[in-house]
Amino acid sequence: MSDQIVTRFAPSPTGYLHIGGARTALFNWLYARGRGGKFLLRIEDTDRERSTPEATAAILQGLEWLGLDYDGDVVSQAAGAARHAEVAHQMLEKGHAYKCFSTQEEIAAFREDPANKGQMFPSPWRDADPATHPDAPYVIRLKAPREGTTVITDAVQGEVTIRNDQLDDMICLRSDGTPTYMLAVVVDDHDMGVTHVIRGDDHLVNAARQMLVYRAMGWDVPTFAHIPLIHGPDGKKLSKRHGAVGLEQYQAMGYPATGMRNYLARLGWSHGDDEFFTDDQAKEWFDITGINKAPARLDFKKLENICGQHLAITDEAELLREIEGYLAAAEKPPLGDAQKSALMRTLPIVKGSAKMLPQLLEKAHFSLTQRPIEIEEKAAKALDDVSRGILSELTFALQRANWSREDLEAAVGQVAEAHGLGLGKVAAPMRAALAGRAATPSVFDMMLVLGQEETLARLDDQAA
Ligand code: GLU
């Protein structure tokens, strides 16, 4: 057997891809990518009634947005039903499973009897002689050990011991011949060569049951790493109120994927005190040993700060892609070609001072808008008669300026001085004229991005 690491993300397409699922995918991706391994994607669509194509599409889209590429094709669990049934029958032949003919009514009657409270249904067919089998529908149940314990050696949780009397004879194959998730997940992980199963710790008890299938088939058990759930900022289980919404909504809110990847990696995993890191660093550093045992808490302030740091170091072309994705996700109008090239010129001066994409776009507003500039009320206050007169002088002075920062600073400085005003006083009407806003990037930065012709036209529009 090769010792290549193989991980997988195995979501059930029954709802949106939430932040916990995204983090599970990320951990598996980082672990494989940092070790020259493979990261596989399997859609666990065995539950035909609850699985929807929309949920599958949301998963694929979410992974694409987060930049988590997978190797090979997407595997559909449902497509492997024949193989799953084959394994169930092999377990039957080996005596690790049995046909159970108990009807739904018999099981329900057992459960309803108060005397059986808390007990698992003991199938009378477990040790029945096949010669006595009726010609009736049956399920295939795993013959779970009745005594002793099953120990899971978990890379995060340590040794977890489950009493075997807690493990029922789980159904592997339903009476209609379809496999259950519990069987399918093991067969698929084995057949796909998965070496490390990193998933939410809500699957820990399942792992004990799944171990029994590995044992029955004589297969190698993968390394299990069950990661604690994500909690809300108040330490309570994550709910919609906390932001347990679909990943696509994070994109629509304007979090950049680069920052999201960094933050999610830090959510429940640490590498010393490092909060901010690149993808390459994360791949190099990520290890299961750094996963915390305690649930992680979602902290939106931290998320925003990390996002801001990533915006500052992301190159313009990548930022433009992020922005276009955000606008589409937020159902906002797309950028035209002229706006895209204006943004490419503007991003270098604004990307260091925004945390999220909407804020970045707000700072770049001056270059995306067109004459006649719409002026916000707050900005309009700076346009009194005196200020309009100053804009007029400025227009005149700037006509002769070389369009260099030094020249612009000198020209504006001279006009300010002539009126005995500080630079800030002159800058306010300029902001209003150039951007229509009271808060903008520096007037010199704006003038340099806009160029001489456009700057003069905007100043002149508001000049007395
Ligand atoms: N399909 C399962 C889920 O979405 C995950 C199974 C696994 O990772 O083993 O919860």
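Can you give me the ranges of the helices (runs of 4 or more DSSP H) entirely in the range 240-295 with at least 2 residues that are within 26 Å of THR56 (Cα to Cα)?
The qualifying helices (runs of 4 or more DSSP H) are 247-253, 257-266.
Considering only the range 231-280, state which residues are among the acidic types (Asp, Glu) and either at pLDDT 90 or above or touching a Phe, Trp or Tyr at 6+ places or on another chain (Cβ under 7 Å) (or both).
GLU248, ASP273, ASP274, GLU275, ASP279, ASP280
Go through the range 109-134 and give me each residue that's closer than 19 Å to CYS172 by Cα and not basic (Lys, Arg).
Residues satisfying the conditions are MET120, PHE121, PRO122, SER123, PRO124, TRP125, ASP127, ALA128, PRO130, HIS133.
Listed here are the residues, each with its yes/no results for (1) modelled with pLDDT of 95 or more; (2) among the acidic types (Asp, Glu); (3) exposed (fewer than 14 other Cβ atoms within 10 Å of the Cβ).
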{"site": "ALA382", "(1), (2), (3)": "yes, no, no"}
{"site": "SER387", "(1), (2), (3)": "yes, no, no"}
{"site": "GLU393", "(1), (2), (3)": "yes, yes, no"}
{"site": "PHE396", "(1), (2), (3)": "yes, no, no"}
{"site": "ALA401", "(1), (2), (3)": "no, no, no"}
{"site": "GLU406", "(1), (2), (3)": "yes, yes, yes"}
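Here is a list: ILE5, ILE43. Which entry is within 11 Å of the ligand (Cβ to nearest atom), more than 23 Å from THR258 (Cβ to Cβ), β-branched (Val, Ile, Thr) and surrounded by fewer than 23 Cβ atoms within 10 Å (Cβ to Cβ)?
Sole residue among the options that is within 11 Å of the ligand (Cβ to nearest atom), more than 23 Å from THR258 (Cβ to Cβ), β-branched (Val, Ile, Thr) and surrounded by fewer than 23 Cβ atoms within 10 Å (Cβ to Cβ): ILE43.
Is at least one residue of the range 33-45 at pLDDT below 95 and within 20 Å of THR223 (Cα to Cα)?
There is no residue in the range 33-45 that is at pLDDT below 95 and within 20 Å of THR223 (Cα to Cα).
Residue under question is ALA55, and the condition is that it be within 14 Å of the ligand (Cβ to nearest atom), at pLDDT 95 or above and part of a helix (DSSP H, G or I); does it hold?
Answer is yes for this residue.
Name the pairs: first residue in the range 201-229 and farther than 22 Å from ALA22 by Cβ and in contact (Cβ under 8 Å) with a residue 12 or more places away in the chain, second residue away from the ligand (no atom under 13 Å from the Cβ) and of a type in the set (D, E, K, R), Cβ to Cβ under 7 Å, at least 6 apart or on different chains?
ALA216/LYS94
Of all strands (runs of 3 or more DSSP E) completely enclosed by the range 97-170, which ones contain at least 3 residues that are under 26 Å from LEU204 (Cβ atoms) and of a type in the set (Ser, Thr, Tyr)?
Qualifying strands (runs of 3 or more DSSP E): 149-154.
Go through the range 62-76 and report how many residues are over 22 Å from MET182 (Cα atoms) and either acidic (Asp, Glu) or surrounded by fewer than 17 Cβ atoms within 10 Å (Cβ to Cβ) (or both).
Residues that pass the stated criteria total 6.
Filter the range 180-210 down to residues that are of a type in the set (Val, Ile, Thr) and near the ligand (Cβ under 7 Å from one of its atoms) and give me whichever is nearest to ARG141 (Cα to Cα).
Result: VAL185.
Could you list, ordered by first residue, the pairs with Cβ atoms under 6 Å in which the first is in the range 16-31 and closer than 15 Å to GLU248 by Cα and within 13 Å of the ligand (Cβ to nearest atom) and the second is modelled with pLDDT under 95 and of a type in the set (Val, Ile, Thr), at least 6 apart or interchain?
Filtered contacts from the range 16-31: GLY20/ILE230.
Looking only at the range 137-181, which residues are of a type in the set (Asp, Glu) and within 21 Å of GLU44 (Cα to Cα)?
Within the range 137-181, just ASP176 meets the criteria.
Under 7 Å between Cβ atoms, at least 6 apart or on separate chains: pull out the pairs that start in the range 183-196 with a residue that is within 15 Å of GLN90 (Cα to Cα) and end on any residue that is in a helix (DSSP H, G or I) and within 12 Å of the ligand (Cβ to nearest atom).
The qualifying pairs are VAL186/GLN210.
Report the residue count in the range 405-439 for those that are part of a loop (DSSP other than H, G, I, E, B) and over 22 Å from HIS365 (Cα atoms).
The qualifying residues number 4.
Quick grid of which residues meet (1) touching an Asp or Glu at 6+ places or on another chain (Cβ under 8 Å); (2) at pLDDT 95 or above; (3) closer than 17 Å to GLU376 by Cα:
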site: LEU423; (1), (2), (3): no, no, no
site: ALA428; (1), (2), (3): no, yes, yes
site: SER442; (1), (2), (3): no, yes, no
site: ASP445; (1), (2), (3): no, yes, no
site: LEU448; (1), (2), (3): no, yes, no
site: GLU454; (1), (2), (3): no, yes, no
site: ALA457; (1), (2), (3): no, yes, no
site: ASP460; (1), (2), (3): no, yes, no
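If we keep just the residues of the range 166-182 that are acidic (Asp, Glu) and in contact (Cβ under 8 Å) with a residue 40 or more places away in the chain, which is surrounded by the most Cβ atoms within 10 Å (Cβ to Cβ)?
If we take residues in the range 166-182 being acidic (Asp, Glu) and in contact (Cβ under 8 Å) with a residue 40 or more places away in the chain, then ASP169 is surrounded by the most Cβ atoms within 10 Å (Cβ to Cβ).
Listed here are the residues, each with its yes/no results for (1) more than 30 Å from HIS89 (Cα to Cα); (2) within 15 Å of the chain's Cα centre (by Cα).
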position: MET217; (1), (2): no, no
position: PHE224; (1), (2): no, no
position: ARG241; (1), (2): yes, no
position: GLN251; (1), (2): yes, yes
position: PRO256; (1), (2): yes, yes
position: ARG261; (1), (2): yes, yes
position: ILE288; (1), (2): yes, no
position: ILE291; (1), (2): yes, no
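From LEU357, LEU335, which residue is surrounded by 13 or more Cβ atoms within 10 Å (Cβ to Cβ), modelled with pLDDT of 95 or more and under 17 Å from the mean Cα position of the chain (by Cα)?
Answer to the selection: LEU357.
Among GLY34, GLY62, which is the only one that is within 13 Å of the chain's Cα centre (by Cα), among the small types (Gly, Ala, Ser) and away from the ligand (no atom under 13 Å from the Cβ)?
Result of the check over GLY34, GLY62: GLY62.
Run down GLY62, GLY72 and say which single residue is small (Gly, Ala, Ser), outside any helix (DSSP H, G or I) and touching a Leu at 6+ places or on another chain (Cβ under 7 Å).
Result of the check over GLY62, GLY72: GLY72.
The values are calculated or read from the model by the stated rules, or taken from the named source; none is laboratory data. This is a predicted model, so every value here is computed, not measured. In this analysis, Cβ positions are derived from the backbone assuming ideal geometry, glycine residues included, and neighbour counts consider all displayed protein chains.
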